[in-house]
1. Can you pull out every residue in region 22-50 that is of a type in the set (A, V, I, L, M) and open to solvent by less than 10 Å² (accessible area, probe 1.4 Å)?
2. Return yes or no: is Gly79 at pLDDT below 90, over 27 Å from Ala163 (Cβ atoms) and open to solvent by 10 Å² or more (accessible area, probe 1.4 Å)?
3. Taking region 120-149, which residues are under 22 Å from Gln87 (Cβ atoms) and either of a type in the set (Phe, Trp, Tyr) or in a loop (DSSP other than H, G, I, E, B) (or both)?
4. Checking the condition without any contact (Cβ under 8 Å) to a residue 24 or more places away in the chain, open to solvent by 40 Å² or more (accessible area, probe 1.4 Å) and of a type in the set (Ser, Thr, Tyr), which residue from Tyr170, Tyr166 passes?
5. If I ask for residues that are in contact with a Leu (Cβ under 7 Å, 6 or more places away or on another chain) and not in a loop (DSSP other than H, G, I, E, B), which ones from region 37-54 would you list?
6. Can you tell me which residue in region 11-36 is farthest from Gly71 (Cα to Cα), limited to those that are outside any strand (DSSP E or B) and touching a residue at least 24 places away in the same chain (Cβ under 8 Å)?
Amino acid sequence: VPTFQRLTFRRGMIGSARFTPDAKTIVYSASWDGAPEEIFTTRVESPESRPLGLPDSELFSSSASGELAIGQKGAVIHGWPIEVLAQVSLGGGAPRTLLEKVTAAEWSPDGKRLAFSDKAGRLWDLEVATKRLTEVARDSSGQLGDQSWSPDSRWLAFSLSHATGYRSIYVWRAGEPEPRRA
């Protein structure tokens, strides 16, 4: 029989949540009591949450080495907020800006790659150490997202939500030129 344990008790909206490498700490983004979204951390054994000092930010992903991929709210251009993809250590420090106009991001299990989608309808693979950027897929008629790496970090699965309402799932092997439809 499944059991559940409530970890948050405030009124508001919770964005995404991820376990950290120790499997006892949870990092999540939330907007409490109408305040702007920010990133918090809590532990499984404690109902207390603490802010990480990252206002106007949302959590995208947590790596095996304790790095966070976050979206920081930037300027508003023509009525659309520009989200900046940044990397920050769970241990603290200032976020390091990676790219602009990002909608989602996911660390690979080995922590060497970061897959992300942008507002132009493209999906990218970033090799973090070399800063090598590879365009995985592009479709301006739909939205690419829901990316997830295989446990060995060799494959990336992602979805394409078409304007007609249906969704397709694709897989891409790191280093291959084209993704395959699943």
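1. Val27, Ala30, Ile39, listed by residue number.
2. no
3. If the condition is that a residue be under 22 Å from Gln87 (Cβ atoms) and either of a type in the set (Phe, Trp, Tyr) or in a loop (DSSP other than H, G, I, E, B) (or both), then Ala120, Trp124, Val128, Ala129, Thr130, Lys131, Trp149 are the ones that fit.
4. Exactly one of Tyr170, Tyr166 is without any contact (Cβ under 8 Å) to a residue 24 or more places away in the chain, open to solvent by 40 Å² or more (accessible area, probe 1.4 Å) and of a type in the set (Ser, Thr, Tyr), namely Tyr166.
5. Answer for region 37-54, where residues must be in contact with a Leu (Cβ under 7 Å, 6 or more places away or on another chain) and not in a loop (DSSP other than H, G, I, E, B): Glu38, Ile39, Phe40, Thr41, Thr42.
6. So the residue we want is Pro21.
The values are calculated or read from the model by the stated rules, or taken from the named source; none is laboratory data. Everything quoted here is computed from the prediction, not taken from an experiment. Neighbour counts are summed over all protein chains in view; Cβ atoms, including those assigned to glycine, are modelled from backbone coordinates with ideal geometry. Accessible surface is based on the protein model in full, side chains and every heavy atom, while ligands, DNA and RNA are left aside. Shrake-Rupley method; radii C 1.70, N 1.55, O 1.52, S 1.80 Å.
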